[in-house]
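K.L.:
One structure, as structure tokens, below. Some questions next.
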Amino acid sequence: MSPRSASYRRAKPPKGKQSTIPRELAAELKALENVTDEEIDMTGMPEYLNWTSAEIGKYYRPRKIPVSLRIDADVLVWFKSSGDGYQSRMNEALRLYARVQQRSQSKPTIRKKKSRKTA
């Protein structure tokens, strides 16, 4: 196991740029690099176990990809008529459609058992 904290990430300044961190702060950060998780004092920060009000994916934002798309004029007018954010509303409508299609394809089909006639 590494002697560094599990949450440690080394940030490198872009090539050709000097770091603008003051010397005192740089020295403090250098000292913190060698602190392990076990050495961190968490007594002033009690563990929070009640997650009933947590929202899954609240801050998740999927990556957006610019595309060129041909849309019927009346559909575009309808989305634009409700103001700014029409592209986001179009994206949400497409996402809803995709979810419905995905659910309809993943539903298990229930087959009736064939009754066997015995002679």
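K.L.:
Take the residues in the stretch 18-63 that are of a type in the set (Lys, Arg) and not in a loop (DSSP other than H, G, I, E, B); name whichever of them is nearest to Arg95 (Cα to Cα).
P.N.:
Among them, the one singled out is Lys30.
K.L.:
Would you confirm whether or not the stretch 64-75 contains a residue that is of a type in the set (Val, Ile, Thr), out of contact with any Gly (no Cβ under 6 Å at 6 or more places or on another chain) and surrounded by 10 or more Cβ atoms within 10 Å (Cβ to Cβ)?
P.N.:
Taking every residue of the stretch 64-75 in turn, at least one turns out to be of a type in the set (Val, Ile, Thr), out of contact with any Gly (no Cβ under 6 Å at 6 or more places or on another chain) and surrounded by 10 or more Cβ atoms within 10 Å (Cβ to Cβ).
Every read-out reported here was derived from the displayed coordinates using simple, explicitly stated rules and does not represent laboratory data. Please read all numbers here as calculations on a predicted model, not as lab measurements. In this analysis, Cβ positions are derived from the backbone assuming ideal geometry, glycine residues included, and neighbour counts consider all displayed protein chains.
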